[in-house]
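The values are calculated or read from the model by the stated rules, or taken from the named source; none is laboratory data. Please read these numbers as outputs of a predicted model, since none were measured by experiment. Methodologically, a virtual Cβ is constructed for each residue, glycine included, from the backbone with ideal geometry; neighbour enumeration extends over all protein chains shown.
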Amino acid sequence: MREERAITEWRIEGFEPGGTRDTEVAARDYIDHFWLPAEVPGDVHTTLHRAGVIPHPFYGHNDRRTRWVEERVWWYRGHFFMDEGSLRAGETLELVFEGLDTLATIYLNGRELGSHANMFVPASFDVTRELVAGDNVVAVKFDPVALAVKEKDHGLWAAFNRDRVWVRKAQSHFGWDWGPNIVPCGIWRPVVLRRHRGWRIQSVNPRTPFIGEGWAKWPVEVEILRPGDPEGKEDARVRIVLRDGERKAAEGEAPVIGERASVDLEVLRPKLWWTRDLGEPHLYRLQVALIVRGEELDRREQGAGLRTLTLRREEDGEPRFTFMLNGRPIFAKGANWIPADQFPGAVTEERIAGLLEAAGQAGMNMIRVWGGGLYEPDIFYETCDRLGILVWQDFMFACALYPDYNKDFMENVRAEVETVVRRLRGHPCLALWCGNNENEWLWEMMVSDGRLREPFYGERIYHRLIPEVLRRLDPDRPYWPSSPYGGADHNSAEEGDRHNWQVWHGQVYPRHFGEPERVDRSVQGVSFKQYLKDTARFVSEFGIQAAANRYTLGKWLPDGGLEWGSREMAYRNKDAHPQTAVLVMAGYTGVPQTFEEYGMNSMLTQAEGLRLAVEHYRRRKFATSGALIWQLNDCWPGISWSIIDYEGLPKAAYYYARRFFHPYLLTLEVKETEWILHAVWDGPDPLSDEVTMELVDFHGTRLKMAQWPIRVPAGGRVEIARLAPEEWLGGADVRRVAVALRSQTGRTPERWVYLCDQKDMDLPQASLEVEILEGGREVRVRVDVHARMIVLEVPGKPAVFEENFFDLAAGESRVVKVTAGVSGELRRVTARCLNGAPVMVEIAR
């Protein structure tokens, strides 16, 4: 049987390039007692910070002050002990590095095992003969990336940094418009010593089943690594048991032919895997045993979801981009995922799972893993399997041309693609492979307006290499060459998927191939009201920037940094046109004058803008079939498009998302000449309800009310009513009233609709009354008049409340629990809103 042993005792040291002899540092008897202890998984920067050698690179401008770290050669040395006679006859010992970032040379007991140059691919070495009884020493040398690519062809276009296209590591390490230029290195995933008998299970792939009435046939393919001749004849078999809890749901076995075995499992009364809004994401357990000459030599166990998934590109003669899950169309609601930290070795499984749990709680059923970051660790995909969240998986190529003419580079990429496909294809959450992020769109646009004259380098990757690998290894799953892609422009609304950057970046559409890019960076050109013109089939990126929460910025900015317009605040914003933030806010909230106004205005603008967009896209269901926000999370404490900041604190838009991504959406389309009330329902069964709409003023007077019984078909939408604004308003001033939408069954949260921009509202001064309730984990908030965007905070604590950034009507109160970030009872709470003075309540203990 396969056995694994983690190697955990490590130390690091840095040297000037060329300052040491590699054979000397790699030698078994080299003295490393005075090197710094290091955690593996981890990285050099984090190790140095923990040891007090460098300040944290995220604080202030420390990323610049610690640049020297990237210029040195870094060595890791790890020790482990082997007992005399621990290697048994016929066994192989393999040294496996799950993740080396990035340009590494590996030694064992002074012998050079080989080099490695891909952060995304494990490195493994047969070390059966190189191990010794007693102390063994693994040494890994990391060369500086900048030095290694210094002599490379830098004529290839790339956004942000041209060095990155030659290096197979997270492209965002070289800086992006939401993250810093900090290039980490180190052993970022576990290192294990693996013992086996030569025969091993390489991967298990439960393929797309055939689902009949009350039964399913489920083909499961198993790839085998075998010693000697892969075509040799051996008495080798694969036995598979499918379990549903403790119950055996199916079993079967088949001979190993060459390096493969295929078993068709017959499952009675199959339980399907669904996204969280359509049903239960049911997971079976696949237990796979490899039996050679009657002896079990390897075993693999993994979760498996029984489901079919296709991508519908046309319906009734009209282009579509609709995912079909178990034959049912779904509207994809979700966000884009970037690496959870600039230092990926420092990210815990709990942090990744927590972010995905938050996405699920916000009603998301799809996450796009963006192509400039990482193929995430197993916990990411296992959590998505469990939560019923589909994954749109980019390959790691973004906003650049890549040297597909270079043989060594292409061999490296082929190994990466094959490794990633084998690792991820067994997950039911995996919905689509995508070749790259924005490469085709940006290249064509820049060629059209004369900024580029190069061929489309990278085409051989996305249109030849990846499709060929997928035909062999994962032929059932949809593949999409790029995002965005399709139509008369690769960012066309007519076909394929679209990145809507009219809002924020001011790109003017429609556009066609061959036309130059047009940009309108005026208040109107970047306004989020531009979303209402979008007729895209699937929107895989769209977003609005907002400040991080006060706690997060206060933790990472030096004294004096929390000032609107300060140098420190400006440094947190990596957008090439940072003044856009002012333009977008100017159109809705007005231009902020203080840090407090900036925080509130940017949060509200992001939240209301994304709400407007998602409600518009969902009203078009399934002419539009998906809305993926840019972006869910942050990799550092910056100002970005995220809806959850680096410290895990939700922004206002996250709480809004829990309402606008709710399976049951009530939405009022406000036009100048009419209002249209809609209901959208994503559930698997028809919905019956009674909907109430009220017009109230900001002092609590009800001016008009109406009710409608509704019935919405499963997964459908209905238009409830068309209303005349002048009849509803009856002369009331739109600046002093709001509309409340309510479900009489309480199946969806109450929604407030405002009839003018925030800057034009005439809100009365609100008084907030705040009370910490007995038990110290709940807060009650009361208001005298309508309060707009009430924000609860615990000073100095990363507190997360079950509800925040909410509105209350005149005379109403709400009890809110604190769910994270505060241990024990609350002692202090502050509350503020856009139209009221801040209030703090403190309880002496």
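In region 728-740, is there at least one residue being within 22 Å of Arg619 (Cα to Cα), of a type in the set (Val, Ile, Thr) and not assigned by TED's automatic domain parsing to the domain that holds Leu278?
Within region 728-740 (the criterion being within 22 Å of Arg619 (Cα to Cα), of a type in the set (Val, Ile, Thr) and not assigned by TED's automatic domain parsing to the domain that holds Leu278), the answer is yes, since at least one residue qualifies.
Give Glu84, Glu39, Glu71 a once-over and let me know the one that is loosely packed, with under 15 Cβ neighbours inside 10 Å and within 24 Å of Val127 (Cβ to Cβ). Give the steps one after another, and end with the answer.
Working: Glu39 fails: loosely packed, with under 15 Cβ neighbours inside 10 Å; Glu71 fails: within 24 Å of Val127 (Cβ to Cβ).
Only one candidate qualifies: Glu84.
Looking at region 145-197 only, could you name the residues that are assigned to a strand (DSSP E or B) and over 28 Å from Trp641 (Cα atoms)?
The answer is Gly186, Ile187, Val191, Val192, Leu193, Arg194, Arg195, His196, Arg197.
As an exercise: evaluate Gly155 against (1) more than 30 Å from the chain's Cα centre (by Cα); (2) over 30 Å from His505 (Cα atoms) and give the number of the one condition it does not meet.
Just one mismatch for Gly155, condition (2).
Of the numbered conditions (1) under 14 Å from Tyr598 (Cα atoms); (2) at pLDDT 95 or above, Ser566 satisfies every one except a single condition; which is it?
Result: Ser566 fails condition (2) only.
Consider region 203-257. How many of its residues are in a loop (DSSP other than H, G, I, E, B) and crowded, with 16+ Cβ neighbours inside 10 Å?
Keep residues of region 203-257 that are in a loop (DSSP other than H, G, I, E, B), which gives 207-209, 212-214, 226-235, 245-246, 256.
Now restrict to residues that are crowded, with 16+ Cβ neighbours inside 10 Å: 207, 209, 226, 256.
The qualifying residues number 4.
Within region 45-62, can one find any residue that is in a strand (DSSP E or B) and either under 30 Å from Ala570 (Cβ atoms) or touching a His at 6+ places or on another chain (Cβ under 7 Å) (or both)?
Quick first cut of region 45-62, residues in a strand (DSSP E or B) only: none.
Checking region 45-62: not a single residue is in a strand (DSSP E or B) and either under 30 Å from Ala570 (Cβ atoms) or touching a His at 6+ places or on another chain (Cβ under 7 Å) (or both).
I want to confirm something. Restricting to region 164-188 and keeping residues that are under 18 Å from His45 (Cβ atoms) and surrounded by fewer than 20 Cβ atoms within 10 Å (Cβ to Cβ), which single residue is nearest to the chain's Cα centre (by Cα)?
For region 164-188, the residue satisfying everything is Gly175.
Take Val417 and tell me if it is β-branched (Val, Ile, Thr) and touching an Asp or Glu at 6+ places or on another chain (Cβ under 7 Å).
Values: β-branched (Val, Ile, Thr): yes; touching an Asp or Glu at 6+ places or on another chain (Cβ under 7 Å): no.
Against the criterion (β-branched (Val, Ile, Thr) and touching an Asp or Glu at 6+ places or on another chain (Cβ under 7 Å)), Val417 does not qualify.
Considering Leu703, Leu687, Leu677, which residue is in contact with an Asp or Glu (Cβ under 9 Å, 6 or more places away or on another chain) and crowded, with 21+ Cβ neighbours inside 10 Å?
Sole residue among the options that is in contact with an Asp or Glu (Cβ under 9 Å, 6 or more places away or on another chain) and crowded, with 21+ Cβ neighbours inside 10 Å: Leu677.
Among the residues of region 403-453, which ones are among the basic types (Lys, Arg) and modelled with pLDDT under 95?
Arg451, Arg453
On the given criteria, is Ala289 free of Cβ contacts under 8 Å to residues at least 24 places away in the same chain and either touching a Gly at 6+ places or on another chain (Cβ under 8 Å) or within 30 Å of Asn326 (Cβ to Cβ) (or both)? Before the answer, list the steps.
Values: free of Cβ contacts under 8 Å to residues at least 24 places away in the same chain: no; either touching a Gly at 6+ places or on another chain (Cβ under 8 Å) or within 30 Å of Asn326 (Cβ to Cβ) (or both): yes.
No; evaluated as a whole, the condition is false for this residue.
Would you confirm, using the coordinates I've provided, whether Val816 is part of a strand (DSSP E or B), in contact (Cβ under 8 Å) with a residue 12 or more places away in the chain and under 23 Å from Lys651 (Cα atoms)?
yes
Hey, could you check region 11-33 for residues that are in contact (Cβ under 8 Å) with a residue 12 or more places away in the chain and among the hydrophobic types (A, V, I, L, M, F, W, C) and say which is nearest to Asp101 (Cα to Cα)?
Result: Ile12.
Quick one: would you say Leu286 is among the hydrophobic types (A, V, I, L, M, F, W, C), at negative phi, assigned to a loop (DSSP other than H, G, I, E, B) and modelled with pLDDT of 95 or more?
Numbers: among the hydrophobic types (A, V, I, L, M, F, W, C): yes; at negative phi: yes; assigned to a loop (DSSP other than H, G, I, E, B): no; modelled with pLDDT of 95 or more: yes.
So Leu286 does not fit the description; no.
Within region 623-657, how many residues are of a type in the set (A, V, I, L, M), buried (at least 24 other Cβ atoms within 10 Å of the Cβ) and assigned to a loop (DSSP other than H, G, I, E, B)?
3
If you check Ala104 against the conditions, is it outside the structural domain of Trp443 (by TED's automatic domain parsing) and more than 20 Å from Leu193 (Cβ to Cβ)?
So Ala104 does not fit the description; no.
Any residue that is of a type outside the set (Ser, Thr, Tyr) and at positive phi - is there at least one of those in region 519-531?
Within region 519-531 (the criterion being of a type outside the set (Ser, Thr, Tyr) and at positive phi), the answer is no, since none of the residues qualifies.
Do we find a residue being more than 28 Å from Glu418 (Cα to Cα), in contact with a Lys or Arg (Cβ under 8 Å, 6 or more places away or on another chain) and surrounded by fewer than 24 Cβ atoms within 10 Å (Cβ to Cβ) anywhere in region 446-461?
yes
Quick one: how many residues across region 535-550 are among the charged types (D, E, K, R) and under 18 Å from Gly334 (Cα atoms)?
Result for region 535-550: 2.
Only one of Tyr531, Tyr457 is among the hydroxyl-bearing types (Ser, Thr, Tyr) and part of a helix (DSSP H, G or I); which? Don't jump to the end; show me each part of the working.
On the way: Tyr457 fails: part of a helix (DSSP H, G or I).
Just a single option satisfies the conditions, and that option is Tyr531.
Helices (runs of 4 or more DSSP H) wholly in region 337-430 with at least 3 residues that are of a type in the set (Gly, Ala, Ser) and surrounded by fewer than 24 Cβ atoms within 10 Å (Cβ to Cβ) - which ones?
Counting at least 3 such residues, we get 349-361.
Looking at Val718, is it touching a residue at least 12 places away in the same chain (Cβ under 8 Å), on the phi < 0 side of the Ramachandran plot, surrounded by fewer than 20 Cβ atoms within 10 Å (Cβ to Cβ) and under 38 Å from the mean Cα position of the chain (by Cα)? I'd like the intermediate steps shown before the answer.
Working: touching a residue at least 12 places away in the same chain (Cβ under 8 Å): yes; on the phi < 0 side of the Ramachandran plot: yes; surrounded by fewer than 20 Cβ atoms within 10 Å (Cβ to Cβ): yes; under 38 Å from the mean Cα position of the chain (by Cα): yes.
Yes; evaluated as a whole, the condition is true for this residue.
Report the residue count in region 577-593 for those that are among the hydroxyl-bearing types (Ser, Thr, Tyr) and part of a helix (DSSP H, G or I).
Total satisfying the criteria: 2.
Which residue, of Arg77, Arg28, is among the charged types (D, E, K, R) and either in a loop (DSSP other than H, G, I, E, B) or surrounded by fewer than 18 Cβ atoms within 10 Å (Cβ to Cβ) (or both)?
Arg28
Which number in (1) of a type in the set (Asp, Glu); (2) crowded, with 21+ Cβ neighbours inside 10 Å; (3) in a helix (DSSP H, G or I) marks the one condition that Glu596 misses?
(2)
Can you name the residue in region 116-141 that is closer than 16 Å to Trp166 by Cα and not aliphatic (A, V, I, L, M) and, of all such residues, is nearest to the chain's Cα centre (by Cα)?
Top of the filtered list is Phe120.
Given (1) assigned to a helix (DSSP H, G or I); (2) surrounded by fewer than 20 Cβ atoms within 10 Å (Cβ to Cβ), where does Glu440 come up short, assuming only one miss?
Glu440 satisfies every listed condition except (2).
Please find, within region 194-203, the residue that is nearest to Phe160 (Cα to Cα) out of those that are under 31 Å from the mean Cα position of the chain (by Cα) and not hydroxyl-bearing (Ser, Thr, Tyr).
Applying the filter and picking the extreme gives Gln202.
Applying the selection to region 742-781, what residues are among the hydrophobic types (A, V, I, L, M, F, W, C) and part of a loop (DSSP other than H, G, I, E, B)?
Once the filter is applied, which keeps residues that are among the hydrophobic types (A, V, I, L, M, F, W, C) and part of a loop (DSSP other than H, G, I, E, B), region 742-781 yields Leu755, Cys756, Met761, Leu763, Leu773.
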